[in-house]
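The values are calculated or read from the model by the stated rules, or taken from the named source; none is laboratory data. Predicted model only: the values in this text are computed from it and were never measured. Here the Cβ positions follow ideal geometry from the backbone for every residue, glycine too, while neighbour counts run over all protein chains shown.
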Amino acid sequence: MFVGIKQLEEHSDIFLFPNPVKNGIVYLSRNISGTVSDLQGRELLILKNENIIDVLSFSPGVYVINTSNQDHLRLIIE
């Protein structure tokens, strides 16, 4: 269950890889703008037309990428 998140999109046209991520870099299938949030809804990173996300400083866990197009993608960091 995810608190404060409408619904995570399972059929979005945006893909994350690798997911789960171990090395701190996540690649997106296309450029996006939006935010990366933790499961408590705290915005940790603002994305502006990006297709690479550096999550090296993030603790292991589950995060949500909220795009400006209202897509919600789950990101897992190991």
Inset, instruction - Answer yes or no: is there a residue in segment 71-78 that is closer than 20 Å to Asp13 by Cα and out of contact with any strand residue (DSSP E or B) (no Cβ under 7 Å at 6 or more places or on another chain). - result: yes
Inset, instruction - Determine, yes or no, whether Lys48 is among the basic types (Lys, Arg), exposed (fewer than 11 other Cβ atoms within 10 Å of the Cβ), more than 11 Å from the chain's Cα centre (by Cα) and modelled with pLDDT of 95 or more. - result: yes
Legend entry - Inter-residue pairs, beta-carbon under 8 Å, first free of Cβ contacts under 8 Å to residues at least 12 places away in the same chain and within 14 Å of Ser57 (Cβ to Cβ) and in segment 33-46, second in a strand (DSSP E or B) and not hydroxyl-bearing (Ser, Thr, Tyr), 6+ apart: Leu45/Val36; Leu45/Ile53
Inset, instruction - Taking the residues in segment 19-40 that are among the small types (Gly, Ala, Ser) and within 15 Å of Gln70 (Cα to Cα) as candidates, determine which candidate is surrounded by the most Cβ atoms within 10 Å (Cβ to Cβ). - result: Gly34
Inset, instruction - Can you confirm whether segment 30-44 contains a residue that is on the phi > 0 side of the Ramachandran plot and assigned to a loop (DSSP other than H, G, I, E, B)? - result: yes
